[in-house]
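To keep things clear, I will list the structure first and then write my remarks on it.
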Amino acid sequence: MPRPTSAQLAYGSATVVLSTLAMLLLSETRSGLGVGLVTVAGLALGLLVALTVPVSRPSRAGRTVRTHRPLAGSAVAAEPPREHSLHG
């Protein structure tokens, strides 16, 4: 499995802290079991967010891009472009 990026770590950590705090404040739980369940739920949510953050792909700067246009000096380039009719 590839190592997580810094964006994934940041989003996951922020999600854990903010969601756990929000759930603790909204649930108003005071028992140790309730706090434990909220903490586990916050960690699970943070892990889910960290794994679903889109990862940027490497750039294609070194790759050659093919086009369908012929070279300027070729015989095909001397022909006028054909018009296509949708009406037949």
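The values are calculated or read from the model by the stated rules, or taken from the named source; none is laboratory data. Small disclaimer: the values here were computed from a predicted structure and weren't measured. Virtual Cβ from ideal backbone geometry, glycine too; neighbours counted across all protein chains shown.
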- prompt: How about region 1-43: which of its residues are of a type outside the set (A, V, I, L, M, F, W, C), under 17 Å from Pro54 (Cβ atoms), free of Cβ contacts under 8 Å to residues at least 12 places away in the same chain and in a helix (DSSP H, G or I)?
  reply: Ser6
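Yes/no per residue for (1) aliphatic (A, V, I, L, M); (2) over 19 Å from Leu9 (Cβ atoms); (3) modelled with pLDDT under 85:
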{"position": "Gly32", "(1), (2), (3)": "no, yes, no"}
{"position": "Leu43", "(1), (2), (3)": "yes, no, no"}
{"position": "Val53", "(1), (2), (3)": "yes, no, yes"}
{"position": "Val65", "(1), (2), (3)": "yes, yes, yes"}
{"position": "His68", "(1), (2), (3)": "no, yes, yes"}
{"position": "Leu71", "(1), (2), (3)": "yes, yes, yes"}
{"position": "Ala77", "(1), (2), (3)": "yes, yes, yes"}
{"position": "Glu83", "(1), (2), (3)": "no, yes, yes"}
{"position": "Leu86", "(1), (2), (3)": "yes, yes, yes"}
query: Out of all the residues in region 44-57, which are assigned to a helix (DSSP H, G or I) and among the hydrophobic types (A, V, I, L, M, F, W, C)?
result: Ala44, Leu45, Leu47, Leu48, Val49, Ala50, Leu51
